[in-house]
């Protein structure tokens, strides 16, 4: 656990290097992550740390857009099980390959101030692009088939605590709130 706490502290320090202060919610999230890291194992923890490092600058939605995650994929999504937020994709990497450092989608929750908060990523592979009998895998987990969108999918809630689990589809802590303010801001 001591190693996990140091790893999380390092991630928090790296995030603070971007110039924006780490929010209380983000700090709480990292404490929860540290508490649960032992359950994932060293390899998964290293991959999650890599994912956080490569997506840290995307807390600023403009940075994400300039880096290629500018295509709106879904409106703000919610269900009785929780929310996912808005999905923005980098269509150049939706190609049938899966890499920890290249999530195809970034998930953003609308905030009351009209801004978007990065909460998770989603890895997707079009069903037509996957030729293996086995599902795609990352973080020691199999992707699930999403028939609605005709993709293999795996979520990673690396930026907002999810009581349903790090790799659950829906997060009861995410809502769509006042989507109108965000929608106006984006157009």
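The values are calculated or read from the model by the stated rules, or taken from the named source; none is laboratory data. Worth saying up front: this structure is predicted, and the values here are computed from it rather than measured. Here Cβ is always computed from backbone atoms with ideal geometry, including for glycine, and neighbour counts include all displayed protein chains.
Table for the structure above
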quantity	calculated
Residue match in the stretch 83-93 (condition: surrounded by 15 or more Cβ atoms within 10 Å (Cβ to Cβ), out of contact with any helix residue (DSSP H, G or I) (no Cβ under 8 Å at 6 or more places or on another chain) and over 26 Å from residue 60 (Cβ atoms))	no
Test: residue 118 is touching a helix residue (DSSP H, G or I) at 6+ places or on another chain (Cβ under 6 Å) and farther than 18 Å from residue 146 by Cα	yes
Hey, residue 10 modelled with pLDDT under 95 and more than 23 Å from residue 141 (Cα to Cα) or not	yes
Residue 145 assigned to a strand (DSSP E or B), modelled with pLDDT of 95 or more and over 15 Å from the mean Cα position of the chain (by Cα)	yes
Odd one out for residue 99, checked against (1) under 24 Å from residue 47 (Cα atoms); (2) out of contact with any helix residue (DSSP H, G or I) (no Cβ under 9 Å at 6 or more places or on another chain); (3) loosely packed, with under 14 Cβ neighbours inside 10 Å; (4) modelled with pLDDT of 95 or more	(2)
Residue list for the stretch 119-137, restricted to those being touching a strand residue (DSSP E or B) at 6+ places or on another chain (Cβ under 6 Å) and part of a strand (DSSP E or B)	119, 120, 121, 122, 123, 124, 125, 126
Residues being in a helix (DSSP H, G or I) and in contact (Cβ under 8 Å) with a residue 24 or more places away in the chain - total across the stretch 53-101	11
